[in-house]
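Enquirer: After the structure tokens below, expect a handful of questions from me.
The values are calculated or read from the model by the stated rules, or taken from the named source; none is laboratory data. It should be emphasised that the depicted structure is a prediction, and the values quoted were computed from it without experimental measurement. Neighbour counts are summed over all protein chains in view; Cβ atoms, including those assigned to glycine, are modelled from backbone coordinates with ideal geometry. These area figures cover heavy atoms from the full protein model, side chains too; ligands, DNA and RNA do not enter into them. Shrake-Rupley method; radii C 1.70, N 1.55, O 1.52, S 1.80 Å.
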Amino acid sequence: MDDEVREAVLNRSDLVLLGAAGILCVLAGVGHYAEWPSVLRFLLSGGAVTALAALVGRSVEQLGDRLGAGATGVLQSALGNLPELFICIFALKSGLVGVVQAALIGSILANLLLVLGACFLVGGLRHGTQKLGSERAKSISMLMLLSVTALVIPSVAHWVHSPVEPHEKTFSLIVSVILLALFALSLPASLRRDEQSESGPGQEDHEVPRWPITLAVAMLAVAGAAAAFVSDWFVDALTPAMDALNVSEAFAGLVIVAIAGNAIENVVGVQLAARGQSEYAFSVVLNSPIQIGLVLAPVLVIVSQVFGLATLTLVFSPMLVIALIFAVVLAAFISIDGESNWLEGATLIALYAVIATSFWWG
Amino acid sequence: MDDEVREAVLNRSDLVLLGAAGILCVLAGVGHYAEWPSVLRFLLSGGAVTALAALVGRSVEQLGDRLGAGATGVLQSALGNLPELFICIFALKSGLVGVVQAALIGSILANLLLVLGACFLVGGLRHGTQKLGSERAKSISMLMLLSVTALVIPSVAHWVHSPVEPHEKTFSLIVSVILLALFALSLPASLRRDEQSESGPGQEDHEVPRWPITLAVAMLAVAGAAAAFVSDWFVDALTPAMDALNVSEAFAGLVIVAIAGNAIENVVGVQLAARGQSEYAFSVVLNSPIQIGLVLAPVLVIVSQVFGLATLTLVFSPMLVIALIFAVVLAAFISIDGESNWLEGATLIALYAVIATSFWWG
Amino acid sequence: MDDEVREAVLNRSDLVLLGAAGILCVLAGVGHYAEWPSVLRFLLSGGAVTALAALVGRSVEQLGDRLGAGATGVLQSALGNLPELFICIFALKSGLVGVVQAALIGSILANLLLVLGACFLVGGLRHGTQKLGSERAKSISMLMLLSVTALVIPSVAHWVHSPVEPHEKTFSLIVSVILLALFALSLPASLRRDEQSESGPGQEDHEVPRWPITLAVAMLAVAGAAAAFVSDWFVDALTPAMDALNVSEAFAGLVIVAIAGNAIENVVGVQLAARGQSEYAFSVVLNSPIQIGLVLAPVLVIVSQVFGLATLTLVFSPMLVIALIFAVVLAAFISIDGESNWLEGATLIALYAVIATSFWWG
């Protein structure tokens, strides 16, 4: 352990990531101020956001290593969605409420259908039928089911013209506070969970050299600050790029922003499945919807109303919510079923394709 | 066993309950005829109904002890909801169809979300993760799922403007008859179930002294008759009290009447969970929705049409039915998942709070 | 084995079936051209279609015996729904889009509620609680859940007025192609499954004499061709017969055509359950919805648009889709629950009765 610290502080993959993030950020900035074609600006800033998200994740891991496994979990929950949070805030500032709502639901759909499907497909083709039935996987899928149900109540109340309809800003705020309170309650449990799981599949951490704590904090601060700028440029390029590509706002949010914003976690999940760690992959993929439902969406609702941005409520369009309910129920069935095979994976991906297609026409 | 009969016929808790019921009934009656403030009348008659419900339950237990475990089950099914039945009939007589519908669905929601959540929270905090996976729990949750599905078909047919819409009184009657027939079919099985379970967790019955059979019958008759009067006063105070408290009719039915009407079972369920008997608590809590769906709701529909009260159909408001479907599916997932922890309990309670809030604005 | 070939090529049940099919076809044809009363023509042609469906099934079994278990699976998937396919095509040619849509969903509902309920009722009464928890049953029920979800997305998109609404013909075509692609992907797995299961419960095949391959091919060709004619007569008699019996178009499709079209598989399923082979019965019953969702419905959508028949889209009426979603979710819960008893069977049948009743008024 001591030897590792004396070796190079940043290993090769860290350096590649840092270099890529730096170059992409510079290009995205130049493109933004030089008013390059919108599609190019969109791709550059999208790539830069993804690279910065990876850097934030790496810094949090390094920091958390010092603070113990518990604190890492809390930090990751709090900062893991930082770039997505910035993108959504800037999009709200630009009045793109539809894009933000589609991106929030789209992230969950992409996780539960596309990424989970890819995990099952890759894992199933390489390793045959995969087991998922651990207590932890079940407990996570129940928590996901319950939090998503709470998240969709305001939408349901809206469409059925329940008497709550004229009060939906207040109602969304109340639900957001309840969801955040649930998240606060769940923190001790997830701290304990992470401590237990550390002894399990943590052997891969040993390959990573430890950064000095000042480097980790500095990297986090710089990457976070850069993410704020780049998110602004990304949102700025979004509307003209979608116009140029003739893509609807809902499709842009649901598919493009959602996949770009979760690229890292998604790749990690599929890699775990490819290595045969289907249980762990399942936990990683299901954790994201919980964080979106219990943290990202409520924080955005509160921020949008407190800071006077375009008002975000929890009233999503009916198609988004029905697709969400289908996806969540299917994921819960699959986790309780306790098994997955490649055909289920292919079917989940097909279902994602069907839903994405239904948003193609804007 | 013989010694117990020679001891005091009524033990201390019986006497306290009898005294409380008597005092509350007298006060509720005086309040009713002296036209005390509506909120006070509402609280007194609500308390009296709850105490009488407990007395009816106690009498049935004592009676059933003589008739064998099987007959107790049948009697409890038939008489357990007696006070609720009286309240609903008087409410229908006063034309409060919305209150009755909200109270029926609200009882199920309160059981499946609030009380189940409280059971999981209390049981989980005291005893850690709780197991639920017995055959009996699964079988009850499947029966609940199926009976609630049949119960909501008329509502669904109504909102989607299916051609059955103009015939919905007839359709509700047909569905009610089918539901009652299912209940009749399920009686032999539940008789057998109770006989088996008697040998299991019945040790607590030995603390209770046996009443002479005449006392049990007399107590049942008196408590039942009193419940009829007090229910009338309760319904009479309901509307003015809700006006005085500025609470909507739907909220009054969904939350206040529902919780008051099930207070006893709810306390019993949570007590069982606190003692670590999570399986038994789960059965008690899930049994109530089955009785509401298969007995109380159909009987009220038939009674309302046969006796010419305000017509009750099985067409509930969409928000009620969607909340019901969510709650039932979640409870089924949790029972099949086979485990519960305190965080799931907290999430169920949060979900109840979200749904109740959505009915706050009337 | 060799001795069996030397015995009578057609055993008694084959001869009875062949005779019945011949007589019914002749009577149906005479009735059609002699313009007998519509109800009589409807009954005769319906009986003839059922007998021909059985003959097609028998020929495929015999053929498949030569080609190996794998090919039988593929052939059965491809040809098992042949008579239903003919009926639906002729109905589309006559513009009876509503009948076809109701028949497609009705077949799935009849399988998942009525037939599954009858299996559980018969199996449960004869053999007590039945186990269903094999990997194969779970895997089939997951595939059914996923394919039905994809099937209903176009309907959902339509009613919530998603922007895809004006493009729903194209969208239905795209979804149909995706569903057929999934079916193609699932073929290798089902080939392998059938090979494995052959060694298991295949002992009943030995009672059947083997037909010469030319006889099997000829029988298939003749029965298939006859099915095409008889289906035409059946559809021709359908509308006047329903008018004479005062039955709505939706009810005719949902109940009458659906049950007639699946009569054989249904009887087989219930027989298997009666013999205590609940697992196998469950697989047979759940396989039918998968074939309707992944093959029959998509093929009909494509055929109707390519050959310019009355346009069939995947936009079903809301009541059909909601009933379908309820049925599929219930079947999935029951299969994951891993057990069935006669009361669950009775409840499923009751639920089917409730849904069918809601379509009675047309």
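Enquirer: Could you give the DSSP H helices of chain B that reach 27 angstrom or more along their long axis (alpha carbon positions) and whose average Kyte-Doolittle hydropathy is no lower than 0.5?
Expert: Answer set is B:12-34, B:38-67, B:135-159, B:168-199, B:213-245, B:318-337.
Enquirer: What longest region of chain B stays clear of GluC sites (Glu not before Pro) that DSSP places outside H, G, I, E and B and that have at most 16 other Cβ atoms within 10 Å?
Expert: Between the exposed loop sites, the longest stretch runs B:36-362.
Enquirer: Starting from the Cα gyration tensor of chain B, multiply each eigenvalue by 5, take the square root, and state the resulting semi-axes largest first in whole Å.
Expert: Semi-axes from the Cα gyration tensor: 30, 27, 21 Å.
Enquirer: With each run of n ≥ 4 DSSP H residues scored as -39500 (n - 2.57), what mean residue ellipticity at 222 nm is computed for the protein assembly as shown after dividing by its residue count and rounding to the nearest 500 deg cm²/dmol?
Expert: Result for the protein assembly as shown, helices only: -25500 deg cm²/dmol.
Enquirer: If you don't mind, another one. Starting with the highest mean, order B:42-51, B:294-303 by the number of other Cβ atoms within 10 Å, averaged over the residues of each peptide.
Expert: B:42-51, B:294-303
Enquirer: While we're looking at this one, here's another question. Using protein chains only (no ligands, no nucleic acids) and a 1.4 Å probe, work out which residues of the range A:284-319 have their accessible area cut by at least 10 Å² relative to the chain alone.
Expert: Buried-area filter returns A:Pro318, A:Met319.
Enquirer: So if I take the centroid of the Cα atoms in the range C:149-169 and the same for the range A:133-154, what is the distance between those two points in Å?
Expert: 27
Enquirer: Here is a further query. Using a probe radius of 1.4 Å on protein heavy atoms only, what is the accessible area buried between chains B and A, both sides summed, to the nearest 100 Å²?
Expert: 2700
Enquirer: Same structure again: Stokes-Einstein D for the protein assembly as shown at 4 °C, 1.567 mPa s, Kirkwood Rh over Cα pairs, in µm²/s?
Expert: Answer, rounded: 41 µm²/s.
Enquirer: Still on this structure, I have one more. In the range B:111-149, which residues give up 20 Å² or more of accessible area once the other protein chains are added, compared with their chain alone (1.4 Å probe)?
Expert: B:Glu135, B:Lys138, B:Ser139, B:Met142, B:Leu143, B:Leu145, B:Leu146, B:Thr149
Enquirer: Tell me, what is the per residue accessible area of the range B:246-362 in Å², probe radius 1.4 Å?
Expert: Heavy-atom SASA per residue in the range B:246-362 reads 27 Å².
Enquirer: Roughly how many debye, to the nearest 20, is the charge dipole of chain B about its Cα centre, given +1 on each Lys and Arg Cβ, -1 on each Asp and Glu Cβ, and no other charges?
Expert: 340
Enquirer: Label position 7 Å from Cα toward Cβ: report the copy-to-copy distances for C:Ala244 in nm, one decimal, ordered from shortest.
Expert: With the label placed 7 Å along Cα→Cβ, C:Ala244 yields 6.9, 6.9 nm.
Enquirer: In nm, what does the list of distances from B:Lys131 to its counterparts in the other copies look like, shortest first, when each label sits 7 Å along Cα to Cβ?
Expert: Reported distances to equivalent positions: 1.8, 1.8 nm.
Enquirer: Let me ask something else. Estimate the FRET efficiency between B:Val247 and A:Glu165 by the formula 1/(1 + (r/R0)^6), using the beta-carbon distance for r and 22 Å for R0, to the nearest 0.05.
Expert: Efficiency, rounded to the nearest 0.05: 0.75.
Enquirer: Next up: Order C:Phe229, C:Phe86, most accessible first, counting only protein heavy atoms with a 1.4 angstrom probe.
Expert: Greatest to least solvent exposure: C:Phe229, C:Phe86.
Enquirer: Let me ask something else about it. Might you work out the accessible area of B:Ser38 for me, using a 1.4 Å probe with all protein chains in place, and round it to the nearest 10 Å²?
Expert: Its accessible surface works out to 20 Å², give or take rounding.
Enquirer: Measure off 7 Å from each Cα along the Cα-to-Cβ vector at B:Leu185 and A:Ala225, then give the distance between these two points in nanometres to one decimal.
Expert: 7.1
Enquirer: Is there a quick way to get the dipole size of the protein assembly as shown? I mean about its Cα centre, with the Cβ of Lys and Arg at +1 and of Asp and Glu at -1; what is the value in debye to the nearest 20?
Expert: 760
Enquirer: Moving on to the next point. List for the range C:159-178: residues with 40 Å² or greater reduction in accessible area, all protein chains versus chain alone, probe 1.4 Å?
Expert: C:Val160, C:Pro163, C:His167, C:Phe171, C:Ile178
Enquirer: Shifting gears a bit: Pop a pseudo-label 7 angstrom from the Cα along the beta-carbon direction at both C:Val267 and A:Leu15 and give the gap in nm to one decimal.
Expert: So the label points at C:Val267 and A:Leu15 sit 7.8 nm apart.
Enquirer: In chain C, what percent of the accessible surface is made up of carbon and sulfur (1.4 Å probe, ligands and nucleic acids excluded)?
Expert: 65
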